[in-house]
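J.: Mind having a look at this structure? Questions to follow.
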Amino acid sequence: MSEQQSTITSGLVENRVFPPSEAFVKAARVSGMPAYDALCAEAAQDFEGFWARLARENLNWTKPFTQTLDESQAPFYKWFADGEINASANCLDRHMGTAVENKTAVIFEADDGTVTKTSYKELLARVSQFANALKAHGIQKGDRVLIYMPMTLEGVIAMQACARLGAIHSVVFGGFSAKAVQERIIDVGAVAVITSNYQMRGGKELPLKAIVDEGMALGGCEAVKTVFVYQRTATACPMLAGRDKTFSEVLAGQSADCAPVPVGAEHPLFILYTSGSTGKPKGVQHSTGGYLLWAKVTMDWTFDLKPEDVFWCTADIGWITGHSYVAYGPLAAGATQIIFEGIPTFPNAGRFWQMIERHKCSIFYTAPTAIRSLIKAAEGDAKVHPDRSDLSSLRILGSVGEPINPEAWMWYHKHVGHEKCPIVDTFWQTETGGHMMTPLPGATPLVPGSCTLPLPGIIAAIVDEVGNDIPNGTGGILVVKRPWPSMIRTIWNDPERFKKSYFPEEMGGKLYLAGDGAIRSADRAYFRITGRIDDVLNVSGHRMGTMEIESALVAKTDLVAEAAVVGRPDDVTGEAICAFVVLKRPCPSGDEAKAIAKELRDWVAKEIGPIAKPKDIRFGENLPKTRSGKIMRRLLRSLAKGETITQDTSTLENPAILSQLGQTY
Ligand code: PRX
């Protein structure tokens, strides 16, 4: 790829354009912009026919569907509703008897560097055996199973085994707290939990099972009959007789054959909790048929997947990226993938680059936060610089989860991609199931910091507050105008919240509201995401609700009277959490303030998880409010950024608190 123009006219206008090389275009699955345009035209001419074709070509149906899209109960859309399918069969069984059968499905690299390889055939046997173990413990179609596992092959096996039986999994990221586990067990109505005694991260052995125990001890989890415990390490963990079973115990004597249970295409494959703008996380419900279709198709299109590729998505299975591009997409597409248990900085910050070299990774997909932190590390220590590793196996790079700043993009392009690997900047969400907007590596000219164009069949647009289209070059609200197969079906237990959050009446009730602002460039009509328009923060690519953190802070009733949380830009994590706190005692300063700040951070870690710990804590006698009592969040955001306050503060009830709130702990 050549750099055609190299001027940045301002921070907002990016003029560098990187078209794919001719050779890349020629070999690509979607080859050149005319091929992309043709797919878009197909979707425009016959929307349902387009999706039906993809669904027939990409998935094996035990009962073929006759109806593609049912809009009769919009926005509760149904796709391929009378068809029957099994997700696990489409990831594993369908490859048996093909060239993929004996291909490596998973190259697993443990935290300590131990590598194990598992073929598709072996994976099918392991998933089947575990599914039989679940079945033997009464788990059946429709049951909800909570998974709280480390990033291991066994985590993927647990998900696939649930899918095989038609049981609905709900994976909780291993960094969430006992309370978060308990709340999700209750909300989802779990009958079983699959966990691990410990997890290994950065050479440390951290408990998981003990956190499940602690969560269940908080009450309300009586529906859980079995806790399956994978023994990741040799260290014993407490086991409750009758309820808790080790993997080896339940697998003993189970057959490695288990017929996949066909389910309706709309049957929920999983429920994954994510933060919204209120205090309570939302259980995003995904379908089986439509979800899996898009996970598979985007593997082929976005990553231009070829049989010889070695794919590596670094996301944890606790997030949507780990669902679509670790647990399901790569397997449905028959790819060889790397699964990595550890962290990018252990034993040193060159781990990712060394692993790319070791496993000859060809498609590497990670988050901007990881890239930014590795840039910092590489700049400080030449030994962990990507230039030290042989990265010649790479052909495509990907970015996900947050906006990638052009500087980080350029570094990724130069030092990791050696100026020959297209970077696919994929915009999507937990709710969208798979990629929505992204360059196609063999077609779309790249512009750093832009997710470029919607995938064929995704009808994205930018509108104003009432849903009217906005011309290119002007910022507005990102919406999707037509349903797509992998979209969220509902919020578990809360269909009203689903309607209100994603299909607001003010905008006509028919547009899917992503919750992000965006702008399209005047020249290419490329999309650039400008950030969330609701009270959701994006910290290291993880979604956090400001109200969720505020609720956690005020739950510390002996100490906290009031709290307001805002985000501020951070060089590495994208956004950082900044909490403004009013205590039930005089405003502290110095060492006392530091000690209380620590206590509050630990508290939030216990309530939600360490990822929700505020980076900055500021204390005041009061929060800045208007005379009508509304917290002036804009002002707090300026304070958090360290800006000089130029806004009108005349309506502020008590202007003196601004100087108190200027001090960070
Ligand atoms: O704000 C957008 C940002 O992440 C949000 C979705 O977060 P989550 O549901 O946790 O899913 C993350 C992984 C898909 C979006 O609303 N976001 C995600 N990808 C991008 C992005 N912002 C800019 N560019 C992206 N490529």
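The values are calculated or read from the model by the stated rules, or taken from the named source; none is laboratory data. These numbers were taken from a predicted model, which means no experiment stands behind them. All Cβ positions, even for glycine, are placed from backbone atoms using ideal geometry, and neighbour counts span all protein chains on display. Just so you know, the surface numbers come from the protein's heavy atoms only, side chains and all, with ligands and any DNA or RNA stripped out. Shrake-Rupley method; radii C 1.70, N 1.55, O 1.52, S 1.80 Å.
J.: State whether the stretch 540-661 is rounded, prolate or oblate according to the following rule on the C-alpha gyration tensor (a ≥ b ≥ c being the square roots of its eigenvalues): a/c under 1.5 gives rounded; otherwise a/b larger than b/c gives prolate, and the remaining case gives oblate.
T.: oblate
J.: Kindly give Rg over Rh for the stretch 104-188, based on alpha-carbon atoms, with the Kirkwood expression for the hydrodynamic radius.
T.: 1.01
J.: Right, next: Is the chain rounded, prolate or oblate when judged by the Cα gyration tensor, a ≥ b ≥ c being the square roots of its eigenvalues, rounded requiring a/c under 1.5 and prolate requiring a/b larger than b/c?
T.: Because its axes are fairly even, with a/c under 1.5, the chain counts as rounded.
J.: I need the GluC sites (Glu not before Pro) found in the stretch 317-421, filtered to DSSP loop residues with at most 16 other beta carbons within 10 Å of theirs.
T.: In loop regions of the stretch 317-421 (DSSP not H, G, I, E or B), the sparsely surrounded GluC sites (Glu not before Pro) are Glu419.
J.: Quick one: pull the percent of accessible area on the stretch 114-237 belonging to carbon and sulfur, 1.4 Å probe, ligands and nucleic acids left out.
T.: 52
J.: Using a Förster distance of 45 Å, how high is the FRET efficiency between Asp523 and Ser393, based on the Cβ-Cβ distance and rounded to 0.05?
T.: 0.85
J.: Compute the convex hull volume of the Cα atoms of the stretch 174-232, divide it by the residue count, and report the result per residue in Å³ as a whole number.
T.: Once divided by residue count, the hull of the stretch 174-232 is 66 Å³.
J.: A follow-up question, please. Order the peptides 430-436, 18-24 from the highest to the lowest mean number of other Cβ atoms within 10 Å of their residues. Walk me through the intermediate numbers first.
T.: Details: 430-436: 26.6, 18-24: 16.9.
Top of the packing list down: 430-436, 18-24.
J.: Between Ala38 and Lys376, what length comes free when the chain is fully extended (0.36 nm per residue of separation minus the Cα-Cα distance, one decimal in nm)?
T.: Full-extension gain reported as 117.5 nm.
J.: Looking at the stretch 126-202, which trypsin sites (Lys or Arg not before Pro) are in a loop (DSSP not H, G, I, E or B) and have at most 15 other Cβ atoms within 10 Å? Walk me through the numbers before you get to the answer.
T.: Working: sites: Arg126, Lys135, Lys141, Arg144, Arg164, Lys179, Arg184, Arg201; in loops: Lys141.
Answer in residue order: Lys141.
J.: When the chain is fully extended, how far beyond the present Cα-Cα distance does Thr98 get from Ser255, taking 0.36 nm per residue of separation?
T.: 54.2 nm is the gain from fully extending Thr98 to Ser255.
J.: Continuing with this model, one more query. Listed highest first by mean packing, meaning other Cβ atoms within 10 Å per residue, what order do 559-572, 460-473 come in?
T.: With the highest mean Cβ count within 10 Å placed first, the list reads 559-572, 460-473.
J.: Next question. Please work out the FRET efficiency for the pair Leu658 and Asp571, using the Cβ-Cβ distance as r and a Förster radius of 22 Å; give the result to the nearest 0.05.
T.: 0.30
J.: Round to a whole angstrom and tell me the spacing of the C-alpha centers of the stretch 401-415 and the stretch 457-527.
T.: Here the answer is 26 Å between Cα centres.
J.: Between Ala561 and Lys584, 0.36 nm times their residue separation minus their Cα-Cα distance comes to what?
T.: So the extension gain works out to 7.8 nm.
J.: Within the stretch 326-343, what residues put their amide N at less than 16 Å from the label point 7 Å along the Cα-to-Cβ vector of Lys117?
T.: 335-339
J.: Tell me whether the stretch 192-312 comes out rounded, prolate or oblate; compute the Cα gyration tensor, take square roots of the eigenvalues as a ≥ b ≥ c, and use a/c under 1.5 as the rounded threshold.
T.: Numbers: a/c = 1.59, a/b = 1.42, b/c = 1.12.
The shape class here is prolate.
J.: Right, here's the next one. Hey, how many Å between the Cα centroid of the stretch 609-665 and the Cα centroid of the stretch 213-259?
T.: 47
J.: In nm, to one decimal, how far is the modelled label at Asp46 from the one at Leu206, with both set 7 Å along Cα→Cβ?
T.: A separation of 5.1 nm, rounded to one decimal place.
J.: Report, in deg cm²/dmol and to the nearest 500, the calculated mean residue ellipticity at 222 nm for the chain, where each DSSP H run with n ≥ 4 adds -39500 (n - 2.57) and the sum is divided by the residue count.
T.: That calculation yields -8000 deg cm²/dmol at 222 nm.
J.: For the stretch 199-264, which GluC sites (Glu not before Pro) pass both filters: DSSP loop (anything but H, G, I, E, B) and at most 16 other C-beta atoms within 10 Å?
T.: Here the GluC sites (Glu not before Pro) that fit, given the DSSP loop and packing criteria, are Glu222.
J.: So, R0 is 35 Å and r is the distance between the beta-carbons of Ser72 and Ser277; what FRET efficiency does that work out to, to 0.05?
T.: FRET efficiency, Ser72 to Ser277: 0.75.
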